[in-house]
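Here the structure comes first, spelled out in C-alpha cells, and everything after it is commentary.
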Amino acid sequence: MSQTRKNILFGLSVAFLILLLLVAPESYGQKKENTPVSKITAKVDSLLTLMTLEEKIGQMNQYNGFWNATGPVPKNKNSAEKYRDLETGLVGSMLNVRGVAQVKAIQKIAVEKTRLGIPLLIGFDLIHGYKTISPIPLAESASWDLEAIEKSAALAALEASAAGINWTFAPMVDISRDPRWGRVMEGAGEDPYLGSRIAEARVIGFQGESLSDVHTIAACAKHFAGYSFAEAGKDYNTVDVGTSTLYNTIFPPFIAAKNAGVKTFMNAFNELNGIPSTGNSFLQRTLLKDRWGFEGFVVSDWLSITEMVSHGYAKNDKEAALKALLAGSDMDMESHAYRNHLAALVKEGKIEERLIDDAARRILRLKFELGLFEDPYKYCDVEREKAVIGTQQNNERVLDMAKKSIVLLKNKKKILPLDKEGLNIALIGVLAADKTSPLGNWCIAAEEQSAVSVMEGLEKYTKNKITYSPGVALDLDENKADTDRLGIQNAVQMAKGKDIVVLVLGEHGLHSGEDKSRATLDLPGRQQELLEAVYKVNQNIVLVLLNGRPLALNWAEKKIPAIVEAWHLGTQSGNAIAQVLYGDYNPSGKLPMTFPKSVGQIPIYYNYKNTGRAWSQKYTDESNDPLYVFGHGLSYTNFSYSALELTAPEFDSKGSIEVSFVIKNTGNYTGKEVAQLYLRDLVASVTRPVKELKGFELVSLQPGESKKVRFVIDSKTLEFYSARENWESEAGTFKVFVGGSSKTQLETEFLFNK
Ligand code: NOJ
C-alpha cells in the first residue's frame, strides 16, 4: 500500500473515531448509568483498528510516577525516557501519581500529545484510605460489619477520586494463616467465608453503582494467587499448596470479588507449585479468564514480570515478557519488559497479535467504562479536591469504623470501662504519644503526625489526671539494641500508687506491611521487660495493643487483667480507643485471625482438619490451643445463646432448612454481638474442616433484651471443591454450631440428601 493511501485511510479512521465518540448519546456530564456493554465493545473495537502494534502494547505498559515508589526502582530507567514514552503513546497507565495538579499534567500529555489521545489509568494503593486514614484492613475486618467496610472503601474512593486517581490496587483478598507474614495487615484474615464477604463489600465500596460516577474508581483483587501462603511467613517466598487449599481456601475471595464485578486483578510475586503466578497460564487464562469468565484485565505486580528471571523461570527479560503475556498478564507494572520486547516477539511470530489485541481491548474497555474518553479530566477538579479531602465528615466516618474495629480480648474484674473522673492514671509506652505509627503501613498520601494519639484521645474525653512516661524506645530495626535503663525506671516510678496504668504497647505501624516479615511474635524491643517491670509495682493494668498482626502474648494473657486489641486504627485512633476505654462505645469486634501462643504453632487456624490421630496429635512443649480463637471478642455486657432449632431434621438439594437460636443480653450495657454460624461436613469425598464459618449477623441488644437469629441453609451453603474436581455439595450428616466465637456454644445436626 502506498504511503499516501495509508495516510488517507488513517485520516478517515481518526475522523470515524472522533465521530463515534461524539455521537455517543451519553455525552459529557449527563449520564449516571453504565454505558451498555455492546456500545463499549464497539467503541473499543473501532479504536483498536486505528492503533499500531506499538500503541496497543503501550496500553499494556504501566510506569511508576516520579514520586513515591512503592517498590525497588529499576536501574537505568529515567524520567526523561518515561516522558518520551508518555508523549509517544507508549504508556497506558501510571501509578503513584496523585493530586489534581500532577494527574492533570500527566493526563494532558497522554490526551494532547499522543497520536490518538488515549487517556491514562491512574493507579494507587488505597489500602485503607487516601488522606483520611481508616483502620488497617485486618482491623476493619474485626468489625465483621460489611456495611461499615463498604462505606470505608467508598470513602477512600471519594477522596482518591478527588485527587485524580481512577483505579486502586485494592482490595487484597489473600487469606492469611501466618502472622509472621507482614502483609496480614492488608487482608481480611484467615477465613474464606468472611474474606469473601469482605472482598465483595470492598469492591462494591470502591466501584459503587456505576464507574461513570465521579466518586467511584476501579478496584483490583490481589494477589492472584497464593501469595499469603509464603513458606515460613517470609514475604515473596515459595508457595506450595495442594488442590483442596487452593480451591477451598485461597480462591473463594477472588471468585467473590470477580462476582461482585471487580474490574481488575493483580497477579503475585510468588511462585505457586513451581510456576510464578505472573507466568501462570492455568491461573490467569484457564481459570480466571476462561472458566470464571473474568472480562477485566490482569496487572502484574511491581516488576513481577522481570523477576521471573530471578525465579529461574525465564532466561532473560524478553522471555519473561513472552511467558507473562502467554500466561494472561495484560499490563506490566514498571518492569518495562512489555514495552521493550513484545513488539519484537510479535514480529518474530512468538506471540499472536490477537493476544495483544485481547489485552489492549480489556484495558481500553475500562477506560471507556470510567468515562475517561468523554472527559479525561473527570477526576481533576481542583475545587472538588479542596472540598472533599480530609473533611470533618470524613474524619467522623473513619472514627466510626475505628471504634467498630476494636476487639476487647480480656476484661477480668471488669476493670473496663474506666471511670471518666476521679482516677489518677499512668499512661505508659512510646506508642501512646505517637501520632504517625497509628496510621499503619500503606498510607502514602496521609500526612505524617496526622493521627490522634492515644494520649490526646484519653485527655480529650476525661477529667482524670493523666501522667505520661514513654518507658522504652521502639526502633524499626528490631536488631538494634536499646541499652537505656532509665526509661523503665521512670515508668515504674510513675506507675507506683496510680489507680490505673494504661500501657500502650505493640508494633510500630511500619513493623508490618510489605517485606515486613517477623520471626517472632512478641512485643518488639524491650516492651515486654517494661510491662513486667510495671506489673511488679501496679497490677491494675489496661494493656492497649497497637499492632498489624496477631501477637503471641502469653505472659500478658496470664497476668494482665484487661487487654484491648486496637490495631493500627488510622487518623482517629486515639479518639476511638478513648471512647472504648471510657465506655462511650461498647466494643463489639471479633478476631478475624487466630492469635497463637507461640510461633511454633503456626500455621494455626480454626478451620483445620482432623487427622487419623486427632487425639494424640500434640506438642511436647506447647498446648494445641491458641491464645485467642478466631471470632473471639468480648463486650462490656454478656450474651447468652439458647434455643437452637432446625425447621426440619433433613432436606435435599431442592429445599432448604432454617437454623434459629436466641441471643440474650444478660449484662448491664447495651451491646452488639456478632452471632456466628459454623457447619461441619462429617464425611466427604475430600476431608473437610472441623468447623467452617457459614454465616454471621450483628445483633444489637439492650440489657435484658433477646432476639431470635435465623440463617437459611441450602445445598449451595454446603458446596466445596470435591474429589470430582467440581464445586458441589455431597449428601451426608452435617453438624451445626452457633456462638460468639469459633469455640461456639450450641450444637445440633441435620441430614442432607442429594
Ligand atoms: C507491590 C505490592 O505487592 C502491591 O500490592 C502493590 O499494589 C504494588 N507494589 C504497587 O504499589
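The values are calculated or read from the model by the stated rules, or taken from the named source; none is laboratory data. This structure is a prediction, so every number in the text was calculated from the model and none was measured. Here the Cβ is made from the backbone with ideal geometry for all residues, glycine too, and neighbour counts use every protein chain on show. The accessibility values were calculated without ligands, DNA or RNA, using every heavy atom of the protein model including side chains. Shrake-Rupley method; radii C 1.70, N 1.55, O 1.52, S 1.80 Å.
Annotations
- Phe265 open to solvent by less than 10 Å² (accessible area, probe 1.4 Å), among the aromatic types (Phe, Trp, Tyr) and touching a residue at least 12 places away in the same chain (Cβ under 8 Å): yes
- The number of residues in segment 216-238 being within 11 Å of the ligand (Cβ to nearest atom) and open to solvent by 10 Å² or more (accessible area, probe 1.4 Å) comes to 2.
- Out of Leu521, Leu503, Leu458, sole residue that is under 27 Å from Lys558 (Cα atoms), more than 16 Å from the ligand (Cβ to nearest atom) and part of a loop (DSSP other than H, G, I, E, B): Leu521
- Filtered residues of segment 546-576 (kept if open to solvent by less than 10 Å² (accessible area, probe 1.4 Å), of a type in the set (A, V, I, L, M) and in contact (Cβ under 8 Å) with a residue 60 or more places away in the chain): Leu546, Leu551, Ile560, Ala562, Ile563, Val564, Ala566, Leu569, Ala576
- Residues of segment 78-133 classified as away from the ligand (no atom under 16 Å from the Cβ) and open to solvent by 50 Å² or more (accessible area, probe 1.4 Å), total: 16
- Candidates in segment 313-349 are the residues that are acidic (Asp, Glu) and within 15 Å of the ligand (Cβ to nearest atom); of these, the one that is modelled with the highest pLDDT is Asp332.
- Residue within segment 712-728 that is open to solvent by less than 60 Å² (accessible area, probe 1.4 Å), touching a residue at least 24 places away in the same chain (Cβ under 8 Å) and at positive phi present: no
- Qualifying residue in segment 165-185 (condition: outside any helix (DSSP H, G or I), of a type in the set (Gly, Ala, Ser), away from the ligand (no atom under 15 Å from the Cβ) and modelled with pLDDT of 95 or more): no
- Scanning segment 729-754 for residues that are surrounded by 15 or more Cβ atoms within 10 Å (Cβ to Cβ) and of a type in the set (Ser, Thr, Tyr) yields Ser729, Ser741, Ser742, Thr744, Thr748.
- Looking at Leu644, Leu677, just one residue is assigned by TED's automatic domain parsing to the domain that holds Gln745, over 31 Å from the mean Cα position of the chain (by Cα) and either in a strand (DSSP E or B) or at pLDDT below 95 (or both), and that residue is Leu644.
- Of all residues in segment 468-489 being under 21 Å from Asn424 (Cβ atoms) and in contact with a Leu (Cβ under 7 Å, 6 or more places away or on another chain), the one that is surrounded by the most Cβ atoms within 10 Å (Cβ to Cβ): Gly471
- Residue match in segment 332-352 (condition: outside any helix (DSSP H, G or I), out of contact with any helix residue (DSSP H, G or I) (no Cβ under 9 Å at 6 or more places or on another chain), open to solvent by 50 Å² or more (accessible area, probe 1.4 Å) and not aliphatic (A, V, I, L, M)): yes
- Taking first residues from segment 80-109 that are closer than 12 Å to Gly164 by Cβ and partners that are of a type in the set (D, E, K, R), the Cβ contacts under 6 Å between residues at least 6 apart in sequence or on separate chains come to Val100/Glu385.
- Condition met for Lys465 (open to solvent by 70 Å² or more (accessible area, probe 1.4 Å), farther than 18 Å from Leu399 by Cβ and either of a type in the set (A, V, I, L, M, F, W, C) or modelled with pLDDT of 95 or more (or both)): yes
- Within segment 179-207, residues that are among the β-branched types (Val, Ile, Thr) have Cβ atoms under 7 Å from residues that are assigned to a loop (DSSP other than H, G, I, E, B) and away from the ligand (no atom under 16 Å from the Cβ) in these pairs: Val184/Arg549; Val184/Met593; Val203/Ala260; Val203/Gly261; Ile204/Ala260, counting only partners at least 6 apart in sequence or on another chain.
- Answer residue from segment 240-262, given it is open to solvent by less than 10 Å² (accessible area, probe 1.4 Å) and aromatic (Phe, Trp, Tyr) and is farthest from Val37 (Cα to Cα) among those: Phe251
- Here Lys672 clears all of (1) surrounded by fewer than 19 Cβ atoms within 10 Å (Cβ to Cβ); (2) over 24 Å from Thr245 (Cα atoms) except the condition numbered (1).
- Tally of residues being within 16 Å of the ligand (Cβ to nearest atom) and outside any helix (DSSP H, G or I) across segment 239-275: 12
- Residue in segment 285-301 that is within 27 Å of the chain's Cα centre (by Cα), modelled with pLDDT of 95 or more, surrounded by fewer than 24 Cβ atoms within 10 Å (Cβ to Cβ) and of a type in the set (Val, Ile, Thr) present: yes
- Residue in segment 510-519 that is assigned by TED's automatic domain parsing to the domain that holds Met494 and over 21 Å from Ile602 (Cβ atoms) present: yes
- Put simply, of Ser281, Ser304, Ser310 the only residue that is crowded, with 21+ Cβ neighbours inside 10 Å and either within 16 Å of the ligand (Cβ to nearest atom) or under 22 Å from Gly226 (Cβ atoms) (or both) is Ser304.
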